[in-house]
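A.B. asks: Take this structure first; my questions come after.
The values are calculated or read from the model by the stated rules, or taken from the named source; none is laboratory data. What you see is a predicted model; the values in this text were computed from it and never measured. Don't worry about glycine lacking a Cβ; one is built from the backbone with ideal geometry, like all the others, and counts go over all protein chains shown. Only protein heavy atoms, including side chains, enter the accessible area calculation; ligands, DNA and RNA are left aside. Shrake-Rupley method; radii C 1.70, N 1.55, O 1.52, S 1.80 Å.
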Amino acid sequence: MAWSRSEMLDAIADEVRACTRCRLCEQRTQAVPGVGPHDARIMFVGEAPGEDEDLQGEPFVGRAGQALTVLLSNIGIDRSDVYITNICKCRPPGNRDPHPDEVDACREYLHGQIACIRPALICTLGRWAMQTLLEDATLSVMKLNGQLIERQGLTFVPLIHPAAGLHNEAMREPIKQGFASLGQILHSRQ
Ligand code: URA
């Protein structure tokens with residue numbers, strides 16, 4: 001019998017947990033496939049797991065994750081209703097930016113997850129997720145923050161990464177504005 005999309009998503013997660021496609025498998029505690037309902041309407045895609053995520057096996061459970069939870073709740077979204085993942089499923093050592101070949105190694109997993117979940121909206125968190133999913137390394141997240149973008153049959157809203165506001169107070173307002181714009185987009189599409 002054919003597999004359901006939910007079963008395929010579970011199979012991707014199993015493959016991610018055992019993945020040795022790039023060097024990031026060598027230093028990880030565990031890979032972080034993603035979390036959330038398999039039929040979520042909204043999907044959030046960040047950059048890569050940090051230390052807390054690497055230890056717990058879940059995306060966005062550290063300080064950036066707490067900020068994400070608050071930003072979502074401010075626009076009436078319960079984080080348990082959305083699917084959350086990253087472009088890279090393993091922690092880069094010292095939280096460095098993922099290398100292009102590491103992003104490439106994970107690309108099939110991410111596209112598989114999107115194909116299984118079929119979200120109405122994909123929110124990218126930060127420059128790396130935006131540039132990877134929109135396949136354009138020249139895009140500026142400051143310019144596209146909170147805007148609706150249609151590409152290849154998918155709908156995206158790029159957002160500034162919540163972690164940007166943790167150390168830089170000046171980023172907190174644009175981050176809030178991006179999420180407020182997401183709230184309005186969701187409201188207008190209900
Ligand atoms: N930052 C990310 O981009 N992803 C996480 O899972 C945690 C922090």
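A.B. asks: Would you kindly calculate the translational diffusion coefficient of region 5-188, applying Stokes-Einstein with the Kirkwood radius from alpha carbon pairs, for 25 °C and a viscosity of 0.890 mPa s, and quote it in µm² s⁻¹ without decimals?
C.D. replies: Reported coefficient: 151 µm²/s.
A.B. asks: How far apart, in nm, are two points set 7 Å out from the Cα along the Cα-to-Cβ line at Ala137 and at Asp39?
C.D. replies: 4.0
A.B. asks: In whole Å, how far is the Cα centre of region 118-190 from that of region 61-99?
C.D. replies: Each part's Cα centre sits 13 Å from the other's.
A.B. asks: While we're here: Averaged per residue, what accessible surface does region 5-188 expose to a 1.4 Å probe, in Å²?
C.D. replies: Heavy-atom accessible area per residue stands at 48 Å².
A.B. asks: Efficiency by 1/(1 + (r/R0)^6): what FRET value for Ser6 and Arg107, r their Cβ-Cβ distance, R0 = 25 Å, to the nearest 0.05?
C.D. replies: 0.70
A.B. asks: Ignoring ligands, DNA and RNA, what percent of the accessible area of region 12-75 is carbon or sulfur (1.4 Å)?
C.D. replies: 43
A.B. asks: If a paramagnetic tag sat 7 Å from the Cα of Glu15 along the Cα-Cβ line, which residues of region 33-54 would have the backbone N under 14 Å from that point?
C.D. replies: Correct set: 33.
A.B. asks: Bin width 5 Å, origin at 0, all Cα-Cα pairs of region 1-99: what percent of pairs per bin?
C.D. replies: 2, 13, 22, 24, 17, 13, 6, 2, 0
A.B. asks: Another one. Could you tally the net charge around Asp54, taking each other residue with its Cβ under 11 Å from the Cβ of Asp54, Lys/Arg +1 and Asp/Glu -1?
C.D. replies: Spelling it out: positives minus negatives among the neighbours equals -1.
A.B. asks: Under a point spin-label approximation (7 Å from Cα along Cα-to-Cβ), what is the Asp97-Arg151 distance to one decimal in nm?
C.D. replies: If labels sit at Asp97 and Arg151, their model points lie 1.6 nm apart.
A.B. asks: What's the local net charge at Gly65, with K and R +1, D and E -1, over the other residues with C-beta under 13 Å away?
C.D. replies: Taking every other residue near Gly65 into account, the sum is -4.
A.B. asks: Considering amide H positions built from the backbone, and no H for Pro or chain starts, which residues 5 or more places from Thr155, or on another chain, come under 5 Å of its amide H?
C.D. replies: Ile122
A.B. asks: Calculate one ³J(HN,Hα) per residue across region 162-178 by plugging θ = phi - 60° into the Karplus curve 6.51 cos²θ - 1.76 cosθ + 1.60, and present them in order as whole Hz with x for glycine and proline.
C.D. replies: Values per residue, Gly and Pro as x: x, 5, 4, x, 6, 10, 10, 4, 5, 7, 5, 5, x, 4, 4, 5, x Hz.
A.B. asks: Helix-only estimate, please: 222 nm mean residue ellipticity of the chain, summing -39500 (n - 2.57) across DSSP H runs of length 4 or more and dividing by its residues, to the nearest 500.
C.D. replies: That calculation yields -12500 deg cm²/dmol at 222 nm.
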